[in-house]
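To start, the structure under review is shown below, and the notes come after it.
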Amino acid sequence: MSKANAVNRMDQWQRLKPQAIVHFIIKIVMRAIKEAMQGFLPLIVVYAAAGERRWSIIAMIGIGLVALLLIGAFLSYLKFRFRISKDSVLIQSGVLKRKRLSLGFDKIQNIELSEPLYFRPFGLVVMQIESAGSSSEEVTLGGVPRTYAEEIRSLVLQHKVPQNDHLSIESNESETNQSDASNQQQHLLHLPIGELIRFGLTNNSIWIFAGIGAGAMSQFEWGGVYYFKSVGELFETIAGNSPVPILLLTLFGLIIAVVSLLLLVSAIGAIIIHYDFKLSQLGTRLHISKGLFEKKESSLLIPKLQSIQFKQSWPAKILKRYHVHLTQISFSKSGAAARKSGSNFMIPSAKADFITEFSARLYPNFDWWSLKLNAISRLFVWKNLLWFVLPIALIPTTFITYHLGLPYGLIPLMAPLIAYVILRRVHLMYGYATDGKHGIVKSGFLGHSLKLFPFYKVQTVHVTQSPGQRRAMVANLNIKLAGSTITIPFMAIEDANQWRDKILFEVETNKLSWM
Amino acid sequence: MNEITFENEQVEATGLPKVADLEFEGLADNYARTLLIEGLFSWLFFIIVFSTIQTFTGKIGFFLAHWWFYLVAAIPLLLILTLPFLIANSRGFALREKDIHYKSGIVWHKTVSLPFNRIQHVEVESGPLERFFKLTTVKLFTAGGARADMSIPALTFERSSRLRSHLVEHAGVVESGAHDE
């Protein structure tokens with residue numbers, strides 16, 4: 001009854017809360033910055049050309065823009081109406097160009113609630129509705145009361161899950177679980193700040209940040225020149241009357257300082273993004289809430305999960321933590337191309353016992369930790385050395401020998417030696433195992449990642465063999481899932497064939513939907 | 001080998017149909033000919049570019065004066081004349097009740113296996129040269145990649161339309177079944 005009431009109440013055109021104007025203002029400003037940056041160029045012309053009255057002119061333009069912004073935001077708020085009918089979300093929007101949109105519940109992939117700082121005092125949230133269609137069909141409702149948004153979400157997602165969808169949780173165990181597990185929220189994980197700092201320290205992306213930082217530095221050319229000049233002077237003053245070791249020490253100290261600064265930034269970033277990280281399960285849905293300034297909530301339907309990945313970078317290895325990535329799918333309009341959208345569904349800094357527990361929850365019949373991982377063939381090392389590293393090393397060898405003579409020419413030939421060590425390590429890190437219905441593939445170099453996937457989610461299987469691989473009875477196996485590809489190189493041919501046959505058997509006999 | 005042991009290993013290993021034992025059907029007989037003509041066209045294109053540069057700049061006279069240049073130039077022609085037959089022979093497909101397999105590659109043998117119930121859509125293409133030889137290419141798409149996951153060239157019109165309707169029929173049946181459940 002209450003559900004019917006809710007439907008009736010929602011099934012009429014309604015506005016967002018007035019506070020939504022703030023959301024519209026921010027949206028318009030962001031769009032202006034992103035898309036119309038060059039629109040501000042006239043201001044520079046005015047500044048250069050208007051002489052003494054430039055400031056008053058700029059001020060007037062500024063006031064005009066702000067007024068336009070406020071009016072625009074207000075009108076957008078007035079013209080934005082939404083309605084939740086029995087089976088779809090209807091939206092009317094647009095000031096100059098009217099836009100009408102209806103989104104069927106069955107096309108809705110996910111509803112994400114986020115709570116920006118400016119909405120928090122009012123208990124409002126931003127509702128982002130992700131559809132299975134193209135990105136132009138994505139809908140944002142900024143300024144909906146939290147309880148109301150949650151009501152809508154449960155309505156939509158309940159509709160989404162048909163009665164016997166628990167089938168898709170792929171286990172016979174789920175039937176017994178279903179009755180008590182489906183209707184109550186189970187809390188799976190809550191991360192304290194200490195764990196978030198650990199994540200910040202072990203996250204690979206700090207090094208990407210470092211790259212971006214260097215790139216940004218080069219943007220501020222004059223500033224950079226000044227900076228480097230002063231650093232150069234610093235060195236000169238030190239080097240001028242100091243021996244070389246002190247110079248090296250300073251350099252070393254500088255590197256340490258930069259690295260620790262990066263780590264600090266990364267740790268703070270991790271706390272801001274993942275603050276109060278909570279993972280819970282409600283029926284077939286996983287639910288994450290996190291965020292310091294903007295509280296983000298996202299959920300994922302377990303049956304839509306394509307694969308899980310447990311990643312452990314080398315710093316994470318030292319701290320004994322894993323980062324869990326869950327891969328989902330979503331479709332572009334053509335239906336053919338799948339892109340990854342679940343990249344934001346990540347569980348940071350999980351301990352080993354959580355990993356086993358979590359994978360047992362998703363794949364109850366797959367005890368991968370009790371399986372022995374098979375190694376790939378050693379040929380992997382030799383073939384890569386012979387066909388890739390050696391030819392590449394030979395080019396500078398011949399070049400340098402020609403110009404400088406033999407002893408120098410041999411230097412590039414050190415490369416294969418180093419490459420051998422690296423390749424040997426990569427070779428040792430590879431591992432694969434199956435229980436006939438699921439696969440696990442391990443790979444890595446310093447750290448490693450474990451990829452788990454049920455065979456019935458697979459799209460296509462490729463087996464490739466070079467002449468050398470044919471002689472050695474090994475093959476490369478390529479497994480394509482929606483959104484990711486898993487490769488096992490130099491796998492024993494009978495294993496590759498067995499995997500292929502089993503995967504095809506599972507795909508063709510398993511009645512569960514892969515989507 | 002270092003196998004994982006689980007109870008019904010033996011039964012499953014022998015019981016499962018094996019892709020490795022499949023017999024592959026060849027493609028159209030005139031496929032090699034189309035590849036050959038394609039190759040000759042690109043060869044012709046390079047010759048034209050080459051001689052244009054020569055007539056307008058005269059820079060290439062240096063090459064023409066050396067015997068090894070002709071040797072280097074002859075190698076692509078040799079490949080164009082021989083490879084099409086090897087390529088055409090190496091490619092083929094096999095249909096089973098529930099999946100389709102396509103093999104290719106002269107040096108690197110590759111076999112792609114695609115179950116019918118993962119097909120998103122099927123395209124049938126025919127380029128100008130293919131049309132001249134009355135051939136088509138059938139492309140199969142899954143959710144696994146943005147491009148075609150399998151494209152089977154050199155099928156006669158009759159064969160490709162038969163294949164297409166077979167695929168669409170099976171893809172449709174399984175797909176709608178999975179949805180209606």
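Some notes on this structure:
- Checked against (1) at pLDDT below 85; (2) in a helix (DSSP H, G or I), A:PHE293 passes all but condition (2).
- Pick from segment B:106-130, criterion at the interface with chain A (Cβ under 7 Å from one of its Cβ atoms) and part of a loop (DSSP other than H, G, I, E, B), ranking: farthest from A:ALA496 (Cα to Cα): B:GLN120
- Looking at B:TYR102, B:TYR70, just one residue is among the hydroxyl-bearing types (Ser, Thr, Tyr) and loosely packed, with under 13 Cβ neighbours inside 10 Å, and that residue is B:TYR70.
- Contact map, segment A:284-297: first residue within 17 Å of A:TYR118 (Cα to Cα), second residue of a type outside the set (A, V, I, L, M) and outside any strand (DSSP E or B), Cβ cut-off under 7 Å, separation 6 or more or different chains; pairs are A:LYS290/A:HIS274; A:LYS290/A:TYR275; A:LYS290/A:ASP276; A:LYS290/A:PHE277; A:GLY291/A:TYR275; A:LEU292/A:TYR275; A:GLU294/A:PRO116.
- Summed over segment A:460-479, residues that are in contact (Cβ under 8 Å) with a residue 24 or more places away in the chain and part of a strand (DSSP E or B) total 5.
- Subset tally (residues that are outside any helix (DSSP H, G or I), out of contact with any Leu (no Cβ under 6 Å at 6 or more places or on another chain) and basic (Lys, Arg)) for segment A:425-455: 2
- Candidates in segment A:471-490 are the residues that are among the aliphatic types (A, V, I, L, M) and facing another protein chain (nearest Cβ under 10 Å); of these, the one that is farthest from A:HIS438 (Cα to Cα) is A:MET473.
- Residue within segment A:326-344 that is under 28 Å from A:ALA492 (Cβ atoms) and at pLDDT below 90 present: yes
- Test result for B:ILE152, among the aliphatic types (A, V, I, L, M), under 14 Å from the mean Cα position of the chain (by Cα) and more than 9 Å from chain A (Cβ to nearest Cβ): yes
- Here A:ALA415 meets the list (1) in contact with a Lys or Arg (Cβ under 6 Å, 6 or more places away or on another chain); (2) without any contact (Cβ under 8 Å) to a residue 40 or more places away in the chain; (3) in a helix (DSSP H, G or I) almost entirely, failing just condition (1).
- Residue ID - nearest to A:LYS480 (Cα to Cα), chosen from residues in segment B:90-105 that are within 12 Å of chain A (Cβ to nearest Cβ) and more than 14 Å from the chain's Cα centre (by Cα): B:ASP99
- Residue identified as within 14 Å of another protein chain (Cβ to nearest Cβ) and either more than 21 Å from A:LYS502 (Cβ to Cβ) or surrounded by fewer than 16 Cβ atoms within 10 Å (Cβ to Cβ) (or both) among B:PHE41, B:PHE24, B:PHE45: B:PHE24
- Qualifying position, being closer than 25 Å to B:VAL107 by Cβ and either of a type outside the set (Ser, Thr, Tyr) or within 14 Å of chain B (Cβ to nearest Cβ) (or both), among A:ALA393, A:ALA433, A:ALA415: A:ALA393
- Subset of segment A:436-458 (residues that are within 10 Å of another protein chain (Cβ to nearest Cβ) and either among the β-branched types (Val, Ile, Thr) or without any contact (Cβ under 8 Å) to a residue 40 or more places away in the chain (or both)): A:VAL458
The values are calculated or read from the model by the stated rules, or taken from the named source; none is laboratory data. From a predicted model like this one, the values you see are computed outputs, not experimental measurements. Neighbour counts run over all protein chains shown; Cβ positions are idealised from the backbone, glycine included.
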